[in-house]
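Visitor: Would you mind keeping the following structure in view while I ask a few things?
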Amino acid sequence: VAGPGGAMRGRFAVVGGGIAGVTCAEKLAAEFPSEDIFLVTASPVIKAVTNFKQVSKTLEEFDVEEQPSSLLEKRYPNIRVVQSGVKQLKSDEHKIYTEDGKEYIYEKLCLCAGARPKLIAEGNPYVLGIRDTDSAQAFQKNLAQAERIVVVGNGGIALELVYEIQGCEVIWAIKDKAIGNTFFDAGAAEFLLPKLTAGSPETPIECKRTKYTVEGSEEKGRSTAASDKLGSALGPDWHEGLHLKGTKEFSHKVHIEILCEVKKIHLQQEFIQLQQNSLTFPKGEKNVEADEVLWPVYVELTNGKIYGCNFIVSATGVVPNVEPFLDGNNFAVGEDGGLKVDKHMHTSLPDVFAAGDICTAAWEPSPVWHQMRLWTQARQMGWYAAKCMAADALGEPIDLDFSFELFAHITKFFNYKVVVLGKYNAQGLGSDHELMLRCTKGHEYVKVVMQNGRMMGAVLIGETDLEETFENLILNQMDLSAYGEDLLNPDIDIEDYFD
């Protein structure tokens, strides 16, 4: 309905066409079939959850598909997709101004604008941030000509990237002691490492996720500004269907530089003026040979080493997209730059909610839950934010959703099924905890985090079939001291104990 001065009026508005925003809009549309729900998104495609499966109480699996927004409007006739970025939010007037010059008046608003890659250097043509579809495609084009790249970062995307790249030397700089610290510890890294050095990756098991392409986006000629800034986060199998192969004919060549960060990036001319040596790709432990080749760009690490390469991949996490909303609004912002939300996904401003990567959970969390900017949490938060907005609009009370009781995530690394539960890396437990391990090389890796006889977290790699049992043990905080090491004894069927 048009309001005064041509402003559109709707009871609910959602900003962002990623998983959190779309899930939120769908849930609102279902709860209020006679109300218009505005979904404001800068991208011509939205991200939809498909093939959703509840694996256990808290574990869920789903695929993510890019769809034209017209499909969403077909499914929910009361969703109005507004294809435009947000220029400004005037929260005191309950108004959003979009880039295309329109105004929208809302009763309740949910901000789900996601996050963007944290780049180690802004505006450097040799630094690529990877987090979304478009950047993965740009990456593939660059890799075709590359002989050596430097990968910076130690999260899931860096890990998968390094595993998938063939025929190109990879210098991988991580600030931790071991790879993949966001998802697991040194032990799990050791378990996975043989896969990095194996001759060629095994034939991957059939991949059930969608391939990431934006239908026809090339022809439409999106303005460069739009394509630079936007694009949603990648799913767990985003690299499928991309041919990650460089110019050289060998398969994996990865050298890991631990406990270091990028100190400076030098373009070729600057490097020549430095009059310092850069290093060849290390062959053995003692190798410190000077490189004769001239590279387009050089990376100086905090450990003093300099490597030349064709380009640098920055996979160092994300920064919440809060900019368009801060101006003139007094939002409480978390240390990680996200909009703080309470346990009802409510920001510090009246009638403004937030969900997904843009928000920072500022409630007192369950002892075995923590926020991580993952697809699963974006979906759960978007769904729950819609429930909270509905309850708020109808003046009803609401309880914190069960999905925030236990941190639970299921994914794939190096073709292994990986399940992480609770404080799987002993996050925030201090030194007062112990670890129990069971590992069969090339087959499975099971790690349990115990505190005072209670299970606080677990990492399961491979087909362990332990996730439901462990989920229950973490949720019910049963005292397991009596079982001692038997808890992980493969000859004892642990499920028989706890049903």
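Computed from the coordinates by the stated procedures, all read-outs in this text should not be read as laboratory data. Worth saying up front: this structure is predicted, and the values here are computed from it rather than measured. Positions of Cβ are backbone-derived with ideal geometry, glycine not excepted, and every protein chain shown enters the neighbour counts.
Visitor: Looking at the calculated P(r) for the range 39-127, what percent of the C-alpha pair distances fall above 16 Å?
Guide: Every Cα pair in the range 39-127 considered, those over 16 Å come to 69 percent.
Visitor: Also: For residue 484, what is the net charge nearby, where nearby means another residue's Cβ is under 15 Å from its Cβ and Lys, Arg count +1, Asp, Glu -1?
Guide: Net charge in that neighbourhood comes out at -3.
Visitor: What FRET efficiency do you get for residue 427 and residue 52 if R0 is 30 Å and r is their Cβ-Cβ distance, rounded to the nearest 0.05?
Guide: Efficiency for this residue pair is about 0.65.
Visitor: Moving on to the next point. Between residue 70 and residue 11, what FRET efficiency follows from the Cβ-Cβ distance if R0 is 35 Å, with the result rounded to 0.05?
Guide: 0.95
Visitor: Can you give me the long-range amide H partners of residue 263? Hydrogens built in the peptide plane at 1.01 Å from N, cutoff under 5 Å, separation of 5 or more residues or another chain.
Guide: Distant-sequence amide H within range of residue 263: 300, 301, 302.
Visitor: Determine by what factor the alpha-carbon radius of gyration of the range 408-497 differs from 2.2 N^0.38 Å, reporting the quotient.
Guide: Cα Rg divided by the expected 2.2 N^0.38 Å: 1.02.
Visitor: Collect residues whose amide H, placed 1.01 Å from N in the peptide plane, falls under 5 Å from the amide H of residue 408; neighbours closer than 5 in sequence don't count.
Guide: 422
Visitor: Okay, moving on. State the answer as a single residue: which of 484, 459, 473 lies farthest towards the positive end of the charge dipole of the range 408-497, with beta carbon charges of +1 for Lys and Arg and -1 for Asp and Glu, about the Cα centre.
Guide: 459
Visitor: Now for a different question. Suppose R0 equals 35 Å; then what is the FRET efficiency for residue 260 and residue 327 from their Cβ-Cβ distance, rounded to the nearest 0.05?
Guide: So, using R0 = 35 Å, E works out to roughly 0.40.
Visitor: Indicate, rounded to the nearest 5 percent, the antiparallel portion of the DSSP beta bridges found entirely in the range 29-142.
Guide: The answer is about 75 percent antiparallel.
Visitor: I've got another one for you. Using 0.36 nm per residue, how much length does the chain from residue 452 to residue 289 gain when fully extended, once their Cα-Cα distance is taken away?
Guide: Additional length available on full extension: 53.6 nm.
Visitor: Another one. All other residues with a Cβ under 12 Å from the Cβ of residue 380 taken together, and with Lys, Arg as +1 and Asp, Glu as -1, what is their net charge?
Guide: Once positives and negatives cancel, what remains is 0.
Visitor: Ok, one more. Using 7 Å Cα-to-Cβ label points, what is the residue 270/residue 486 separation (nm, one decimal)?
Guide: 6.3 nm
Visitor: Might you report the magnitude of the Cβ-based charge dipole of the range 408-497 about its Cα centre, with Lys and Arg at +1 and Asp and Glu at -1, to the nearest 20 debye?
Guide: 540 debye
Visitor: Per residue of the range 53-64, what does 6.51 cos²θ - 1.76 cosθ + 1.60 with θ = phi - 60° give for ³J(HN,Hα)? Whole Hz please, x for Gly and Pro, Karplus curve as stated.
Guide: 9, 7, 6, 7, 3, 10, 8, 9, 10, 7, 9, 10
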